[in-house]
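The values are calculated or read from the model by the stated rules, or taken from the named source; none is laboratory data. Keep in mind the model is a prediction, meaning the values are calculated, not measured. Every residue, glycine among them, receives a Cβ derived from its backbone with ideal geometry; neighbour counts consider all protein chains shown.
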Amino acid sequence: MYVRDLVREVVAEHAAHELPLVDSLRRLDDDRVIRTLTGRGRKREPLGFGYAELTALVTPVVWLVLDQAARRTVDAAMESVTARGRAGMRRLFRRTRTPAAPAPDRVLAGLDPAELALVRRHILERAAERGIDAREAEALADGVVARIATAGGEQPAVTDGPDAPPAPDALRPPGVS
């Protein structure tokens, strides 16, 4: 499941008034969203008003924690790959010098119970830092963990592009050959 999709689902459930912010952030790439939510790389704005001031409570808590979890998953996978064959990887990368493509959206996949507990703890910590009520923070953390756990091995849905035309058999009424 994509981090951005999970964030939207959780925010819709726990803080629907933040959906315009989430939807505007979803148009940005993941790295830019993180920079925006953390305030890094922020330029001086003449009116002193921007995303940082609009940043509500739930959106940055959920997005930043889930992004961190997704990065940890990717880092662990890369460490495993490089441990098995650093020399082979170097040869492969040396041969395939192509321009950098935009980074794909971050995906949360296959978190074990210990990792889910860590995500829950981080959400509780960030929520406390932001001044979210403890009961609300618990509900938020439980909602995030439940969504991740129930997503299981779901593949991210493709949301862009035209739908494929129906198969010819799908257009015939039943019983007609």
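Quick look at the numbers
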quantity	calculated
Cβ pairs under 9 Å, 6+ apart, first in region 13-28 and of a type in the set (V, I, T), second part of a helix (DSSP H, G or I)	V22/R4; V22/V7; V22/R8; V22/V11; V22/A12; V22/T59; V22/W63
Residue within region 119-139 that is at pLDDT below 80 and either assigned to a helix (DSSP H, G or I) or surrounded by 14 or more Cβ atoms within 10 Å (Cβ to Cβ) (or both) present	no
